[in-house]
Every structure is written in structure tokens, then in C-alpha cells.
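Participant: Take a look at the following structure, please.
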Amino acid sequence: MTLHERLLEILPTLLPAHPQDAIKGTELIARVRAVLGGEYSDHSLRSQFSFIALDPDSCLARVENGQGYYLRSGHDDSLQSVFDGAEDSSPQHRLLALLVRLYDTAGLGVFVYPAAEEASWEHPDLVAVQWPAGHWTADGAYEMNKSSEPLQARFRAVCAVVADSAESARAGFFRALACGRWAHECELVVIPADDAPIQDELSDLAAAYGVGVRILQLDDADIPARADAIFRMPADQARELLSAIPQITLATPQPRPAVDSRAADQLPDTAPVLAWAQSCLTRGRLEPFEMRVAVN
């Protein structure tokens, strides 16, 4: 995917919605790098911003007779493009949105990969990040407490599966193990089929491999019809929805002391997660737009 294509996908999640809140190019570059990392130069990014802003149908608008960029009208229908979707969002897509809310309402950062027809074995569905101790500011940012030691985050790689059989639940487990072996913890969240008695087997596998397993006991009809509706819910409403879902924790993840750099190198799709987290740790602060990050 070219830089131009990557920017078209992530910019709607990064831009302020109103011209009066427009941000300068320097700030937009910082936001882009929180998602894409540092592989592109300032010059390359600024050139692309200028080029994209010239297209009247693009998401990127430039303040007239001034400096700054904002989200062009008509492109503000989603906070994260990964949760754009029709009313018939797939069960997997909606489960992913539920998990985002499960972790973000608990104060964790969330990095989301897009739901696809076939699950990827190159990355988990999302990564939940436990930030160092800190406090919330009046403007909704998270300030980490200053320390003489380098700030560290903890990563939980999470895979989700709507299992229509014992076999698909089993495959989901080993995918969680494979895609999360680089992280401090890995977890499988599964909605099992009623006729698939898989809990005992998943418990045995969890004990053998250290993968956390959480069972959500709900029918597809119990999940709101739109993934973006789940994603947009106010935090209190999301917590109410989550509290009404019966859950069974078959196993808690067995923690590892550090990120496995070798395993991360073998899974290149983890690079954007680590770059995003490191950018936030270096600054010691997360802006509101950085709490939940998606990449396509």
C-alpha cells in the first residue's frame, strides 16, 4: 500500500471535525507518525497533505487564507474507519467493537486491526495497552507520571472468534497463541456455538500454553446491529451493555516479563503497534485521539 493510500485511510480518524479546531502540519505529522511510525520524512508527508487537500472529494481540507488542516464536511461519519459499515455488520465485526469498548472503558489504549472475512495469522485482532501510572487532564488527555526510568507499557494481544464449531474455537486458540507470542500477554475471546462443548478443551490448552480464554455467552441477536453504534456509545452506556453479557473466564493470561523482539520481528504487522506506543511513551502523554487507534 502506498503512502497516499495509507493516509487516505487513517486521516479521517486523526483530523478535527471543525475548521476552528484546525491543526498545523507539524501536529498532523505527529498524529500520522503515532499510527504509521517514522518511515516517512516530513517532506514526504507534507507533500502528500498538500496533494490530498487539493482534491475536493478527499477527507483533508485546508483552512482558507490560513494555516491548518481539518476534516472536510461529509467525511465525519466515523471516528475510526475500521468501524465504518453497513447495518448488516458481520458478527465478527460487532464482536471486535465490543472488545474495543471492553478495554477502552477500563482505561487501556486499544490498537485495532480491521475485521476481515478470513482471520489473519500475521496479527491479532486488537492489542490492548496498559500505560504507566498517570492521570487524566481536563481536556481528556492522559498524562503519565514522570520517572527517572524509561516509561514502559504492557501489551495484551487479543484474538476474537465467533465459533460455529469446536474446530473453529480450537483454531482461534492457536491463532491467539501464534499472533500474541511477542506480547506480554495473549488472550482469546470466544462466542461458542451452543452445540460445541469446547470449554474443557480450551481450559486444558490455556493451562498448557498460557493463553487467557474468555467466553462471552450471548447470541448474535444480542449484539447491536451496527459495529459503529457499539463503538460510538458513551462510556457509561458501553459499560452497561458489557455488564449485561454473561462472561466466563476460563483462564487468565500468563504474563511474560518483556516484549519478545525476535517474535515481533517475525510478525511485521506488530511494528505499527509498537511505534504508536513508543511515540506516546516518549511524550509521556496520550491525546484523546490516540486512545483508540485503527489501521487498515
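Participant: Among 274-286, 257-269, 120-132, how do they line up from the highest to the lowest mean number of other beta-carbon atoms within 10 Å?
Facilitator: The packing order, highest mean first, is 120-132, 274-286, 257-269.
Participant: In the range 111-167, which trypsin sites (Lys or Arg not before Pro) fall in coil by DSSP and have 14 or fewer other Cβ atoms within 10 Å?
Facilitator: Sparse-neighbourhood loop trypsin sites (Lys or Arg not before Pro): K146.
Participant: Against the longest principal axis of the chain, how steep is helix 271-283, in degrees 0 to 90 to the nearest 10, with axes from Cα atoms?
Facilitator: With both axes taken from Cα atoms, the answer is about 60 degrees.
Participant: Which one, S203, A178, P224, projects farthest toward the positive side of the charge dipole computed for the range 158-248 from Cβ point charges (K/R +1, D/E -1)?
Facilitator: A178
Participant: Which percent of the accessible area of the range 191-296 is formed by carbon and sulfur heavy atoms (probe 1.4 angstrom)?
Facilitator: Reported share for carbon and sulfur atoms: 50 percent.
Participant: While we're on this one: What dipole magnitude, in Debye to the nearest 20, does the chain give about its Cα centre under +1 on Lys/Arg Cβ and -1 on Asp/Glu Cβ?
Facilitator: 1240 debye
Participant: OK, next. Counting only helical runs of four or more DSSP H residues, what would the 222 nm mean residue ellipticity of the chain come to if each run contributes -39,500 (n - 2.57) and the total is spread over all its residues?
Facilitator: Estimated from H runs of four or more residues: -11000 deg cm²/dmol.
Participant: How much accessible area per residue does the chain have, in Å², with a 1.4 Å probe?
Facilitator: I get 49 Å² per residue for this part.
Participant: Roughly how many debye, to the nearest 20, is the charge dipole of the range 136-295 about its Cα centre, given +1 on each Lys and Arg Cβ, -1 on each Asp and Glu Cβ, and no other charges?
Facilitator: With Lys and Arg at +1 and Asp and Glu at -1, about 740 debye.
The values are calculated or read from the model by the stated rules, or taken from the named source; none is laboratory data. Here the structure is a predicted model, which is why all the values come from computation and not from measurement. Cβ: placed from backbone, ideal geometry, glycine included. Neighbour counts: every protein chain shown. Calculation scope for accessible area: heavy atoms of the full protein, side chains included, ligands and nucleic acids excluded. Shrake-Rupley method; radii C 1.70, N 1.55, O 1.52, S 1.80 Å.
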